[in-house]
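J.: Dropping the structure in here first, questions after.
Rule-based calculations on the coordinates, nothing more; no lab input. Keep in mind the model is a prediction, meaning the values are calculated, not measured. Note that we place each Cβ from the backbone using ideal geometry, even for glycine, and neighbour counts take in every protein chain shown.
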Amino acid sequence: MHGALLNGNTVQPLNYNGTAVAPIVTANPGWTFTGWDKPLNNINSYTLITAQYSQTQYTVTFVAGEHGNPEKGNMLQTVTSGADAAAPSIAAEPGWIFTGWDRAFNNITGDLTVTARYQQAVYTVTFDPGSHGTVTDGFAKQFIAYGQDAIAPTVTAEPDWIFTGWDTTFADATTDLTVKAQYELVTTVQTIPPVMLDASLNATENQLLPDTTAQPLITATPMDVTNTTATDVKIQTGLIAGKPSFSLIAGIIVCSACFCLIITLFILRFRSKQKG
């Protein structure tokens, strides 16, 4: 069944207690001829002698390689011809990913060595610019080999916002990572318009006026009259010996004339209405 006659006679007449001559048989692939089921000597009756076979077994050796280690299962297996080996579990070293074996190990028909295969781990680092800015240079998504550093892209903040950096480090990648941009709102400082002092008044009469002409501030300070001449006093205060200055008198005259003119116009208009 598992072999064939190669040479010799399968039927042999023998004398009493004679010895048969074993024919030569060859086993089918995957099988091994192991002998006969009965002795060939001392034959004293009709005897049927049958060849014996066993299925061939092979050795399958699994090799973990330099980037991993056996975790579970047998690395050395004896497998019957035509059967499949059972893959052991492999734990890859940090920075590497176990991707499988370099050859098939099913339907074994001979001794076999199977080696684990690996690829270097690559991680995805995603730079998220958030809602207050955009990536204007560089790559927002990067694929980084284990232990390498990502390169931060350039972020441009929206008006009224300042980009202040990223929320976590992205050096020495060991896993997938999302890095978010951080911002601060710009603080607007309201500027109070400067004020100027009217230098034509003395120190006690100075008033704060809005700076509508963007002129430098003029600060009036009280006079020290102990060491100041009368002429200096007149120039600085516009008063001397308690008398009004010329500019003050001129101002009073102009205001009085304007007032009289307004009253006159009002009276003329009132009389015109009565005549009408």
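J.: Give the residues of segment 122-169 that are hydroxyl-bearing (S, T, Y) and not in a loop (DSSP other than H, G, I, E, B), sorted by residue number.
T.: Pass one, segment 122-169, residues hydroxyl-bearing (S, T, Y): 123-124, 126, 131, 134, 136, 146, 154, 156, 164, 168-169.
Matches in segment 122-169: Y123, T124, T126, T134, T136, T154, T156, T164.
J.: Being of a type outside the set (A, V, I, L, M) and loosely packed, with under 14 Cβ neighbours inside 10 Å: is that true of P70 here?
T.: Spelling it out, it is not the case that P70 is of a type outside the set (A, V, I, L, M) and loosely packed, with under 14 Cβ neighbours inside 10 Å.
J.: Of all the strands (runs of 3 or more DSSP E) wholly in segment 12-107, which have at least 1 residues that are touching a residue at least 24 places away in the same chain (Cβ under 8 Å), within 30 Å of I144 (Cβ to Cβ) and of a type in the set (A, V, I, L, M, F, W, C)?
T.: Numbers: elements: 24-27, 31-36, 51-55, 57-63, 68-72, 76-80, 89-92, 96-101.
In segment 12-107, 57-63, 89-92, 96-101 are the strands (runs of 3 or more DSSP E) which contain 1 or more residues that are touching a residue at least 24 places away in the same chain (Cβ under 8 Å), within 30 Å of I144 (Cβ to Cβ) and of a type in the set (A, V, I, L, M, F, W, C).
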